[in-house]
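Quick note: the coordinates plus some simple rules give every number you see, no bench work behind them. Since this is a predicted model, take the numbers as computed values, not measurements. Here Cβ is always computed from backbone atoms with ideal geometry, including for glycine, and neighbour counts include all displayed protein chains.
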Amino acid sequence: MNVQIGQVGNYLREWRQRRRLSQLDFALQAEISQRHLSFMESGRATSSREMLLKLAEHLGVPLRERNTWLLAAGYAPVFEERELDSPALHEARQASSNGEIRHERQ
C-alpha cells in the first residue's frame, strides 16, 4: 500500500469529485460547514479519526481505502485486511463454492 502521509485532503477531494458532488452539496449531506470541508481538502485543517470515517461513510469509500485515508492522516487503520485464503474466511468460501450465496437481479 503506497500511502502519502499528509495527503488525506487529496483523497477526500478525489472521492468527492468521483461522486460528482460540489463542496457545498457534500458538506450539507455530511452536516459540516463547506468552509471546514474546504480546509480539510486543502490541508489547512486536520481531521479527527471520527470525522474522516464519517466522511468516508457518506461517500461510500471502500473499507480498504478508508484505511488509506487514516494512514495518510497519521492514524492507525481500523479495518482488518485478510487474504482470500485466510482461515477466517473459510465459511464464506465454502458457502460461495456450494452456491449458497445468491445475488438478486434488478
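A few points about this structure:
- Full-stretch length increase - GLU65, PHE39 - with 0.36 nm per residue and alpha-carbon distance subtracted: 7.3 nm
- Additional length obtainable on full extension of the chain from GLU83 to ILE32, 0.36 nm per residue less Cα span: 14.7 nm
- Under 5 Å from the amide H of ALA73 lie the amide H atoms of GLY6, each residue being 5 or more positions distant or on a separate chain, with H modelled from the backbone and absent for Pro and chain starts.
- Around SER47: net Lys/Arg minus Asp/Glu count, Cβ-Cβ under 13 Å: +3
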